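See structure below.
The values are calculated or read from the model by the stated rules, or taken from the named source; none is laboratory data. Please read all numbers here as calculations on a predicted model, not as lab measurements. Quick reminder, even Gly has a Cβ in these numbers, built from the backbone with ideal geometry, and neighbours come from all protein chains shown.
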Amino acid sequence: MREIKTLKEMLIRMRDLSDLMIELGYAAVLQDDMVLAQDVAHIKREIAELTFQMRISAIYVAKGINKDEIPQLASILQLGVAVKEISDGIDDMVEIVSRGVHPIIEAAYRRDTIIRRIEVEKDSEIEGQSLEKAKIPERTGFMIRAILRNGDWIFEPNSKTVLRAGDIIFVKGKDVAIRKMLEYAKKKEKAEKKAKDSK
């Protein structure tokens, strides 16, 4: 996790993490996906660490503020506690996946869209491409929800964000288009096949 220094940065980070955690938590249950459930657990640990850092920062900040500003600082800490409680509640959803998802759960929720965790492989079609050039939504119908790179999250990646080998991209879209999305992220094999055929 990258170092975050200000309370504002922490709050923004916690907002992004909690949004993604809830979305991945539901996806893990509805898709019976243990790997997504493990990603949720990873996010929960990061939220716990941020909550701790927030408390430490608040102590330093409190030394330089007047008495009237203390309740406002307390409300910031309370928000951090609330997000931590949300993350604790997600454990119950993750536990469902570990026990096995009952068919009635799948029947109760529509699966118009899915969330998939896909690793960008070296020499794949999108490796080294900016999102602007990769045109993933236009070509596959999938939107990139977030990118996990070297243990750190990239939320709301922009058109200039370049995809690297080893990036874990979380995409959201129609299940029928997942094959195309996987083709873009997997290593190109056409050149290898051509080399074998020429021997």
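Points worth noting:
- Scanning region 45-68 for residues that are touching a Lys or Arg at 6+ places or on another chain (Cβ under 9 Å) and either among the β-branched types (Val, Ile, Thr) or not in a helix (DSSP H, G or I) (or both) yields a count of 2.
Here is a yes/no grid of residues against (1) touching a residue at least 40 places away in the same chain (Cβ under 8 Å); (2) of a type in the set (D, E, K, R); (3) on the phi > 0 side of the Ramachandran plot; (4) in the same structural domain as ILE47 (by TED's automatic domain parsing):
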site: GLY151; (1), (2), (3), (4): yes, no, yes, no
site: PRO157; (1), (2), (3), (4): no, no, no, no
site: ARG164; (1), (2), (3), (4): yes, yes, no, no
site: VAL171; (1), (2), (3), (4): yes, no, no, no
site: LYS174; (1), (2), (3), (4): yes, yes, no, no
site: ILE178; (1), (2), (3), (4): yes, no, no, no
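- Test result for ILE147, within 16 Å of the chain's Cα centre (by Cα) and without any contact (Cβ under 8 Å) to a residue 12 or more places away in the chain: no
- Residue in region 3-13 that is of a type in the set (Lys, Arg), assigned to a helix (DSSP H, G or I) and touching a helix residue (DSSP H, G or I) at 6+ places or on another chain (Cβ under 9 Å) present: yes
- The lone criterion from (1) outside the structural domain of ILE144 (by TED's automatic domain parsing); (2) at negative phi left unmet by GLY100 is number (2).
- Inside region 154-168, residues that are touching a helix residue (DSSP H, G or I) at 6+ places or on another chain (Cβ under 7 Å) and part of a strand (DSSP E or B) make up a count of 1.
- When the residues of region 155-170 are filtered to those that are under 20 Å from HIS42 (Cβ atoms) and at pLDDT below 95, the one that is surrounded by the fewest Cβ atoms within 10 Å (Cβ to Cβ) is GLU156.
- Residues satisfying the criterion are absent from region 11-22 (criterion: surrounded by 14 or more Cβ atoms within 10 Å (Cβ to Cβ) and either over 30 Å from GLN72 (Cα atoms) or not assigned by TED's automatic domain parsing to the domain that holds SER75 (or both)).
- Screening region 39-79 for residues that are exposed (fewer than 14 other Cβ atoms within 10 Å of the Cβ) and polar (S, T, N, Q) and picking the one that is modelled with the lowest pLDDT gives ASN66.
- Scope region 119-147; condition surrounded by 19 or more Cβ atoms within 10 Å (Cβ to Cβ), in a strand (DSSP E or B) and of a type outside the set (S, T, N, Q); matching residues: ILE144, ARG145, ALA146, ILE147
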